[in-house]
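Working notes, structure below.
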Number of protein chains: 2
Amino acid sequence: MAVIGPSARRIAERAAALARIGAVGEGVTRLGLTPEERRAHALVARWLAELGGRVRRDEAGNVFARVGGGGSPVLIGSHLDSVPEGGRYDGALGVVVAVEALEALRAAKVVLRRPVEVVGWADEEGVRFGLGLYGSSAAFGRLPAQAAERTDARGVSIREALRALGLRGDPARARIRKGSLRAYIEPHIEQGPRLARQGRALAVVTTIVGIAHGRVTVRGRQDHAGTTPMSERRDALAAAADLIAAIARAAAARRDAVATVGEIAVRPGAKNVVPGECAFSLDVRAPRERDVAAVLRAVRVAAAALDRERGVRTSLGRMDRVPVTALDRSLRGLLRRACAAAGVDAPELVSGAGHDAMNAQLDGVPAGMIFIRSRGGSHSPREAADPRDAARAAAALAEALRELCG
Amino acid sequence: MAVIGPSARRIAERAAALARIGAVGEGVTRLGLTPEERRAHALVARWLAELGGRVRRDEAGNVFARVGGGGSPVLIGSHLDSVPEGGRYDGALGVVVAVEALEALRAAKVVLRRPVEVVGWADEEGVRFGLGLYGSSAAFGRLPAQAAERTDARGVSIREALRALGLRGDPARARIRKGSLRAYIEPHIEQGPRLARQGRALAVVTTIVGIAHGRVTVRGRQDHAGTTPMSERRDALAAAADLIAAIARAAAARRDAVATVGEIAVRPGAKNVVPGECAFSLDVRAPRERDVAAVLRAVRVAAAALDRERGVRTSLGRMDRVPVTALDRSLRGLLRRACAAAGVDAPELVSGAGHDAMNAQLDGVPAGMIFIRSRGGSHSPREAADPRDAARAAAALAEALRELCG
């Protein structure tokens with residue numbers, strides 16, 4: 001019998017309350033390790049304390065609250081930061097659904113003999129310090145070397161940002177002891193159009209795509225915009241424009257692969273000066289490692305051709321790689337049964353976005369994810385989810401927790 | 001008989017002294033209406049005061065110094081600001097050459113029965129406030145409406161910048177009474193490769209190209225970089241990249257036309273977000289009005305095609321136009337004779353760059369320009385001129401002044 005009781009209305013109210021923290025017009029700007037993210041964590045901690053949760057903050061800036069009996073907990077939750085001018089559901093809705101699953105279990109008077117812990121991860125988006133999945137990386141021992149010294153655009157390091165939040169400045173101390181978690185389950189909006197097209201409310205994630213990201217720099221020659229004939233230019237931006245077009249073609253040629261240039265800057269950056277240098281970000285994703293590698297290879301070939309044809313020098317910086325991650329097979333089965341118990345026939349989907357669940361799975365913690373149907377894309381103020389779908393996810397999650405911890 | 005005496009060594013020393021104001025690595029960043037530009041003006045004023053010049057500053061921030069007898073003066077000089085990371089000769093060398101012409105006249109004991117006035121114009125490059133030829137526009141009554149309210153990237157207005165320099169904040173007060181100048185002569189580096197190729201030291205300018213500049217905005221749809229298939233994107237930067245390539249093709253198709261995209265920005269500007277908006281600058285130049293118009297037409301056609309094919313909305317903002325300007329015919333003859341007297345066979349050239357001389361000519365003041373051979377392009381730290389060529393220009397200018405004012 002399914003757990004009943006998740007409230008779509010309470011979910012909508014709580015999502016709206018979180019969206020007011022860092023609100024910018026219709027969107028949300030709540031970057032990692034900022035006072036805004038901290039306020040979102042504090043609000044979630046208050047809800048959990050009211051549910052009897054024992055709240056703690058770790059040294060990476062993640063927030064946790066535990067309910068139920070002793071032993072190894074099942075961890076549930078998601079992140080509370082956003083991209084600049086992002087939407088209100090990416091990350092935040094997963095945390096609200098996790099809290100709502102506990103509300104539903106309490107309403108159904110389910111006794112949790114084993115503990116459940118809710119987590120709000122810090123800085124999943126990695127916008128501020130260029131380090132995606134930061135909070136879960138710290139917790140699962142996957143931070144890169146010298147992570148604390150990484151700086152934001154103003155030169156503030158992660159160490160300094162943590163200290164400004166009242167922590168000691170050493171995120172590696174957030175490491176969760178290996179073997180101390182039974183499982184990690186993350187509810188999250190789909191951030192893509194597939195569930196909406198299929199007319200399904202929820203999905204269970206099978207695999208998270210592999211990601212490569214880095215910076216591309218094109219060096220040409222800075223010249224006067226009026227006195228340099230078109231034929232004599234080594235215009236770094238004109239060359240970069242060709243390369244950006246080639247990147248899009250390379251991704252479009254591989255099924256399910258995507259490539260994005262989301263940041264770009266030119267030097268010196270004046271209307272009457274031919275750009276001498278252009279730097280941009282490159283983000284390549286695919287559910288098969290060989291497709292990620294093939295797109296990167298095509299970009300390098302296109303860059304080498306540009307260097308010959310346009311007299312520029314193009315360099316692809318070090319690429320950060322996130323491997324393709326298959327989530328835990330037995331949790332996948334459990335979550336599909338739990339969705340069915342909540343009245344939803346949930347298909348299996350690949351995730352095109354990286355998620356904190358990857359870090360858990362890669363650290364040996366069985367990880368699973370429930371996707372919630374969403375519209376309007378994601379990383380955008382137009383991002384939208386139906387609170388009734390979120391309530392269905394909370395019911396499914398509660399069902400899974402009853403099976404695991406009840 | 002030619003005036004002798006201009007010192008290549010003094011010219012080099014003075015150019016180096018100016019280059020130390022705002023020095024950045026090998027280059028110079030001395031933007032308009034900044035303390036750096038003010039210091040450059042003050043240094044030039046000191047040299048001129050030592051030559052007996054009566055120094056004054058106008059309400060636009062231009063600096064003047066007058067020598068010689070009464071009546072309507074001949075104005076000579078150039079500007080003292082630079083682009084970001086620009087070279088040391090663009091503008092500054094023209095002012096140094098003008099001062100050197102006075103040095104040469106004094107050394108030759110030429111009595112100036114009529115006055116000569118040296119000017120150092122403020123903010124010719126227009127980088128800071130987006131208003132090129134600002135100082136001479138104020139002096140020659142060609143400032144656009146509300147110019148004082150234009151702001152820089154930090155929101156500081158021209159009015160406020162002038163007040164910070166100790167002026168009253170109303171650049172229109174710098175208007176030179178119509179008919180009060182006999183002529184304006186501007187020495188300036190060529191900023192292009194033609195004189196160097198021809199093996200000539202100096203040229204006399206016939207015409208200054210027409211310029212159109214404005215901003216282009218491409219609006220697409222902000223989306224998640226991982227979950228939005230390539231075929232469903234309305235990527236504003238990918239569309240802009242196509243348009244930038246089309247702009248270069250449109251300019252290359254017209255002889256002597258050039259088009260430059262020197263500034264670009266995307267929103268929201270995160271590596272994991274498909275850009276929803278991309279804005280860039282567009283600068284189009286040609287010695288014939290019909291070619292400027294043809295390039296703009298081709299850009300509009302390309303933009304409309306993109307809108308249809310990629311589902312974006314492209315808008316070309318208001319284009320600032322500077323007309324093609326023919327300089328004074330009789331001054332051209334005088335300057336060619338003066339160059340010959342200084343031992344240089346000076347060809348006539350079109351200027352691909354805008355110059356303060358345009359504003360004088362358009363205001364009815366007969367204007368002429370002497371180009372000095374330069375290498376390494378311009379608007380770049382690689383920009384270079386030989387002080388001996390500059391000394392030849394000073395000798396020619398002194399010769400012209402002896403004819404006009406001696």
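Observations on the model:
- Region A:304-357: trypsin sites (Lys or Arg not before Pro) falling in loop per DSSP and having at most 11 other Cβ within 10 Å: A:ARG318
- With label points set 7 Å from Cα along Cα→Cβ, the inter-copy distances at B:SER180 are 8.1 nm, sorted shortest first.
- Per-pair calculated FRET efficiency, R0 = 45 Å: A:LEU316 and A:ALA108 via Cβ, rounded to 0.05: 0.25
- Chain B, closest residue to the rotation axis toward A, by beta-carbon, whole angstrom: B:ALA241, 2
- Computed [θ] at 222 nm, helices only, for the protein assembly as shown once each DSSP H run of length n ≥ 4 contributes -39500 (n - 2.57): -11000 deg cm²/dmol
- Exam field: A:ASP307 pseudo-label spacings to other copies (7 Å along Cα-Cβ), nanometres: 4.0
- Between the amide H of B:SER78 and those of B:VAL95, B:VAL119, B:TRP121, distances stay under 5 Å, these residues lying 5 or more places away or on another chain, with hydrogens modeled in the peptide plane.
- Once the Cβ-Cβ distance of B:ARG46 and B:ASP256 is raised to the sixth power relative to R0 = 51 Å, the FRET efficiency obtained is 0.80.
- Dipole magnitude (debye, nearest 20) for chain A, charges at Cβ of Lys, Arg, Asp, Glu: 600 debye
- Applying the criteria of a DSSP loop state and at most 14 other Cβ atoms within 10 Å to the trypsin sites (Lys or Arg not before Pro) of region B:47-123 yields B:LYS109, B:ARG113.
- Against chain B, whose longest principal axis is taken from its Cα atoms, helix B:35-50 shows a tilt of about 10°.
- Region B:210-322, accessible surface, carbon-and-sulfur percent (1.4 angstrom probe): 46 percent
- Dipole-positive endmost among A:LEU195, A:PRO347, A:ILE11 within chain A (Cβ charges, Cα centre): A:PRO347
- For A:SER231, the label point sits 7 Å beyond Cα toward Cβ; its separations from the matching points on the remaining copies run 4.3 nm, from shortest to longest.
- Residue among B:LEU102, B:LEU335, B:LEU165 with the largest mean-square fluctuation in a Gaussian network model of chain B, springs linking Cα atoms under 10 Å: B:LEU165
- Dipole magnitude of region B:210-322, debye to nearest 20 (Cβ charges: Lys/Arg +1, Asp/Glu -1, about Cα centre): 260 debye
- Kirkwood estimate for chain B, i.e. one over the average of 1/r between Cα atoms, Å: 22.1 Å
- Comparing A:THR217, A:LEU316, A:ALA279 along the charge dipole axis of region A:210-322, the residue lying farthest to the positive side is A:LEU316, per the Cβ-charge model.
- Calculated P(r) of region B:210-322 - Cα pairs past 25 Å, %: 24 percent
- A P(r) calculated from all alpha carbon pairs of the protein assembly as shown, with 20 Å bins opening at zero, reads 16, 38, 26, 16, 5, 0 percent.
- Of the trypsin sites (Lys or Arg not before Pro) found in region A:232-264, those that fall in a DSSP loop while having at most 11 other beta-carbon atoms within 10 Å are A:ARG255.
- Candidate aspartates and glutamates for bridging to B:LYS178, where Cα separation is under 18 Å - those fewer than 8 sequence places away on the same chain excluded: B:ASP58, B:GLU59, B:GLU117, B:ASP328, B:ASP356, B:ASP363
- Relative frequency of Cα-Cα separations exceeding 14 Å in region B:36-85, percent: 56 percent
- Delta accessible area of at least 50 Å² on complex formation, residues of region B:264-308, 1.4 Å probe, chain isolated as reference: B:ILE264, B:LYS271, B:ASN272
- Accessible area per residue, Å², the protein assembly as shown with all protein chains present, probe 1.4 Å: 37 Å²
- For region A:102-167 and region A:1-69, distance of Cα centres in Å: 13 Å
- For chain A, the longest principal axis of the alpha carbon atoms and the long axis of helix A:387-405 meet at an angle near 60°.
- Net charge of neighbours whose Cβ lies under 11 Å from the Cβ of A:ASP256, counting Lys and Arg as +1 and Asp and Glu as -1: +3
- 0 to 90° range, to nearest 10: angle between helix A:329-341 axis and chain A longest Cα axis: 60 degrees
- Summed over both chains, the area buried between A and B is near 5000 Å², taken from the accessible surface of protein heavy atoms with a 1.4 Å probe.
The values are calculated or read from the model by the stated rules, or taken from the named source; none is laboratory data. None of these values were measured; they are calculated from a predicted model. Every residue, glycine among them, receives a Cβ derived from its backbone with ideal geometry; neighbour counts consider all protein chains shown. Accessible surface areas use protein heavy atoms only, side chains included; no ligands, DNA or RNA. Shrake-Rupley method; radii C 1.70, N 1.55, O 1.52, S 1.80 Å.
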